[in-house]
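Below: the structure, in structure tokens.
The values are calculated or read from the model by the stated rules, or taken from the named source; none is laboratory data. Note that the coordinates shown come from a computational prediction; the quantities given were computed from them, not determined experimentally. Cβ atoms come from the backbone with ideal geometry, glycine included; neighbour counts cover every protein chain shown.
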Amino acid sequence: MSSLRVLSVLVALVGLPVHGRAETYPPLSHPLAIERVPGKDVFYSIGNPEIPSKGNEGNTSNAGYVMTSDGVVVFDALGTPSLAWALLNDIRSRTDKAVRYVVVSHYHADHIYGLQVFKDHTEAQIIAQERAADYTENSETSEERAGIRLDQRKSALSPWVNEKTRIVKPDRVFKDDLDISIGGKDFSLIYAGPAHSSSDIMMLVEPDGVLFAGDIVQSGRVPFMNADDVSTDRWLEALERVRKLDPKFIIPGHGRPSTAAQEAISFTKDYITYIRTAMKKAVDDWVDFDTAYQATDWSRYINLPAFASNNRGNAYRVYLELQSAQFAK
């Protein structure tokens, strides 16, 4: 292991300065796990499959980066500045190339609180889909919601989310798709929302055939679907789009990255379809939600990570979505 690599690990653990900069990010008790796509200059972190808590120090989502001959492209910034600092120092331990872009899959707390690290310590351009503004600036309601979530995380994830943690807006937004070429690699940023959120995007890296899927794909854990901007019918359409891309390697927003892209896609699709089928029957038969939820067989999902925290809220959100669609007819 190189001396710079050793230094990076120490930074992640105890917050030591790198490249002459003294930092004050609270240290992590557990080092950020970084793995490499076999044979590729593509790296990714793996989050805990449960919801953010002090036990996992907010490390629940996956992020990653791609090294090229002309700079680095990062996908997502994780759920605390401390985690992002560890990610940035892992990048610095492997290359002296500048971080050129940080692509944000969507504006949910577990993917964005690390953005301030890249904003403050690199010249990277932060890129997101234009509906990120729904979360950051479009209305008093959205800004209030973002503030409430940040206050909640300050309590739930202290000291890693604290009074110095702030929400960073994108430098550049796009509407549908955006293509970037850098250092011999092509990055296709694909708008897939509104699905899991209003601003969902994915990033396909070619010629490597690696897809950073964001939270459109969540493998081996119960997804979070209980947000105002969730659209499960559009989410299913997005999953079909992922299937047609047929990536060689998939990095989901949550869950284990692998070469088994179609399995990960099917897992997410099957879960959404199962809830929609159960809740649609309830809505069509005018059955109240509590009765419908209790009558549904959840045995195939009950032992998965995040079931206890996410499943009931997911089912209720889908129930309301389908009920609204019925009344709109």
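Within the stretch 247-265, is there a residue that is surrounded by fewer than 18 Cβ atoms within 10 Å (Cβ to Cβ) and touching a Phe, Trp or Tyr at 6+ places or on another chain (Cβ under 8 Å)? Checking the stretch 247-265: at least one residue is surrounded by fewer than 18 Cβ atoms within 10 Å (Cβ to Cβ) and touching a Phe, Trp or Tyr at 6+ places or on another chain (Cβ under 8 Å). Pairs are defined by a Cβ separation below 7 Å, a sequence spacing of at least 6 or placement on different chains, a first member in the stretch 177-189 that is on the phi > 0 side of the Ramachandran plot and touching a residue at least 40 places away in the same chain (Cβ under 8 Å), and a second member that is surrounded by fewer than 18 Cβ atoms within 10 Å (Cβ to Cβ) and among the hydroxyl-bearing types (Ser, Thr, Tyr); the pairs so defined are 183/69; 184/69. If you take the residues of the stretch 11-39 that are touching a strand residue (DSSP E or B) at 6+ places or on another chain (Cβ under 9 Å), surrounded by fewer than 17 Cβ atoms within 10 Å (Cβ to Cβ) and not in a strand (DSSP E or B), which of them is modelled with the lowest pLDDT? Result: 33. The C-beta contact set for the stretch 214-230 (first residue of a type in the set (Gly, Ala, Ser), second residue buried (at least 24 other Cβ atoms within 10 Å of the Cβ) and assigned to a strand (DSSP E or B), distance under 6 angstrom, 6+ apart or interchain) comprises 214/202; 214/253; 219/252.
Before we move on, is residue 260 of a type outside the set (D, E, K, R) and farther than 23 Å from residue 35 by Cα? Give the derivation first.
Numbers: of a type outside the set (D, E, K, R): yes; farther than 23 Å from residue 35 by Cα: no.
No: the conditions fail for residue 260.
Consider the stretch 151-172 and keep the residues that are basic (Lys, Arg) and part of a loop (DSSP other than H, G, I, E, B). The one that is surrounded by the most Cβ atoms within 10 Å (Cβ to Cβ) is 169. Do we have residue 117 as in contact with a strand residue (DSSP E or B) (Cβ under 8 Å, 6 or more places away or on another chain) and among the hydrophobic types (A, V, I, L, M, F, W, C) here? No; evaluated as a whole, the condition is false for this residue.
Would you check if there is a residue in the stretch 201-213 being in contact with a helix residue (DSSP H, G or I) (Cβ under 8 Å, 6 or more places away or on another chain) and either of a type in the set (S, T, N, Q) or over 21 Å from residue 45 (Cβ atoms) (or both)? So that I can check it myself, show each step before the final result.
Keep residues of the stretch 201-213 that are in contact with a helix residue (DSSP H, G or I) (Cβ under 8 Å, 6 or more places away or on another chain), which gives 202, 204, 211, 213.
Of the ones still in play, those that are also either of a type in the set (S, T, N, Q) or over 21 Å from residue 45 (Cβ atoms) (or both) are none.
No: zero hits.
Answer yes or no as to whether residue 134 is out of contact with any Lys or Arg (no Cβ under 8 Å at 6 or more places or on another chain), on the phi < 0 side of the Ramachandran plot and free of Cβ contacts under 8 Å to residues at least 40 places away in the same chain. Break it down stepwise before answering.
Values: out of contact with any Lys or Arg (no Cβ under 8 Å at 6 or more places or on another chain): yes; on the phi < 0 side of the Ramachandran plot: yes; free of Cβ contacts under 8 Å to residues at least 40 places away in the same chain: no.
So residue 134 does not fit the description; no.
Regarding residue 272, is this residue among the β-branched types (Val, Ile, Thr) and more than 28 Å from residue 207 (Cβ to Cβ)? For residue 272, the condition - among the β-branched types (Val, Ile, Thr) and more than 28 Å from residue 207 (Cβ to Cβ) - is met.
Going by what's in this entry, would residue 69 be described as farther than 16 Å from residue 157 by Cα and in contact (Cβ under 8 Å) with a residue 24 or more places away in the chain?
Numbers: farther than 16 Å from residue 157 by Cα: yes; in contact (Cβ under 8 Å) with a residue 24 or more places away in the chain: yes.
Yes: the conditions hold for residue 69.
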